[in-house]
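Worksheet: one structure, shown below.
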Amino acid sequence: ALATVVLPVLSRQNSAGDQAGRTETYRWGAHLTLIIALPSAVGLAILAEPLFWTLFTYGRFTPADASASAAALVAYSLALPAYALLKIQSAAFFSAQNTKTPVKIGVITMVANMVFSAAFVYLMIEINPAYQHVGLAIASVCSAWLNCVLLQVRLIDVMPERRMLPGGAGFFVKLIIAAVVMALAVDYLANMMGWLEYGVGQRLWHLLLCVVGGALVYLLSLLIMGIRPKQFSR
């Protein structure tokens, strides 16, 4: 959704030759994307097993099946910020009428993903054959971040004035701290519950409690560290 909002603004600023405006719009989109994607990834990783317990662990779907499935979800969650940023990065290229660079980098990462898949599946077979599917998830994570990093490096071609860190690394440090505090809170809430002893209604209720509680802790942490909603109003 953010990419849909950012693309026409970037295109208009590119046509007007407003490089400073494009830089600011891109930075706004990237920062807002990370504010949403980072805690989502952390929460998804921590609640992966409770999520499978709540949705699927009934009948023939055993807790062992849930653990194996959750392991892949934990791995995939690590790529969530990268996939989200890719949308904003692609919008920056498309707004400058540069479609070749994202396609070229996409081909590179596709080939890399095949190599990663073979390597990590083989590695997981050696470690634990029951979790070989996690190798595919790890490969997807590596290729997603490779795509993200390569696009960011090449972004200089279309946005020479880009500046992701207006105040140094402070913004990202604050996001990481808030995400860590949230992770501790969610982990505490999740571990104090006997998920497999509950019925479906109780599981859903406690899953909602973990999600809402984690979101509130994350938002409160950002506010304490000085990140305000008005900083992202347009």
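Nearest 10 degrees is fine. How inclined is helix 133-154 to the longest principal axis of the chain, computing both from alpha carbons? Here the helix axis deviates by roughly 10 degrees.
Ignoring lysines fewer than eight residues from Lys174 along the same chain, the ones with Cα atoms less than 20 angstrom from its Cα are Lys230. The structure-derived value of Cα extents along the principal axes in Å appears in the list (i) 56, 38, 31; (ii) 62, 44, 27; (iii) 70, 44, 35 under the label (ii). The phi torsions of the range 116-126, fed into the Karplus equation with coefficients 6.51, -1.76 and 1.60 and a -60° offset, translate into couplings of 4, 4, 4, 5, 6, 5, 4, 4, 5, 4, 5 Hz, rounded to whole numbers, with Gly and Pro shown as x.
Once the Cα atoms are used to define both axes, helix 80-95 deviates from the longest principal axis of the chain by about 20 degrees. Rounded to the nearest 10 degrees, the angle from helix 200-224 to the longest Cα principal axis of the chain is 40 degrees.
Among the trypsin sites (Lys or Arg not before Pro) within the range 1-75, those in coil by DSSP and having at most 11 neighbouring Cβ atoms inside 10 Å are Arg60. Of Tyr188, Tyr131, Tyr218, the sequence from fewest to most neighbouring Cβ atoms within 10 angstrom is Tyr188, Tyr131, Tyr218.
Rounded to the nearest 20, the size of the Cβ-charge dipole of the chain about its Cα centre is 840 debye, with Lys and Arg at +1 and Asp and Glu at -1.
A short reminder: the numbers here are calculations on the coordinates, not readings from a lab. Here the structure is a predicted model, which is why all the values come from computation and not from measurement. Methodologically, a virtual Cβ is constructed for each residue, glycine included, from the backbone with ideal geometry; neighbour enumeration extends over all protein chains shown.
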